[in-house]
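Scroll down for the structure; my scribbles are underneath it.
Bear in mind these aren't lab numbers, they're just calculated from the coordinates by the rules spelled out. The structure presented is a predicted model; accordingly, all values stated were derived computationally and were not measured. Cβ atoms come from the backbone with ideal geometry, glycine included; neighbour counts cover every protein chain shown.
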Amino acid sequence: MSKSTNRRKSIAIALAVLGVAGLSLASASQLTLNGSASVQSGVATTLNVDCQQAPIIVTFSVPVRVGTTYASASVVVTGIDTSVGKCLGKFYKLALLDGSATPVLGAPEFTGMIAAGDSTMTKAIPSGQDNNIKSVALTIYS
């Protein structure tokens, strides 16, 4: 065999290896993860708030790995208008609800009064219940 034939075989083998590696990377970039839990960003928010015009945003804290799963420890409510004459000094109730619109297991109904600096509220999620939250209900009232 000549050197050029061996070189062509080597190049062909190298291209085949690169092609398989490229297909593997392309396949990996299109993997679909399936699980029984819902995506947290899909949580619906029900608001009954007359004291402000801007949206109130509900998010989850950054997930932390506990054993083999990731979980968020709290729900974060941001954008509450704490200006005088708006929501400042008014009472609130916040509920973390499951798919049946009932409170998630172990979650209390959070209540309190909006104080200056309360434009962001962080409320603890009962352990293991973060994926059971399907909606968050908030009311701010006098």
Rg and Dmax of the stretch 40-141 over Cα atoms: what are they, in angstrom? 13.8, 48
Segment Asp98-Thr139, extension gain: residue separation times 0.36 nm, minus the distance between their alpha carbons: 13.0 nm
Quick one: if the Förster radius is 25 Å, what FRET efficiency do Thr78 and Asp50 give, using the C-beta to C-beta distance and rounding to 0.05? 0.85
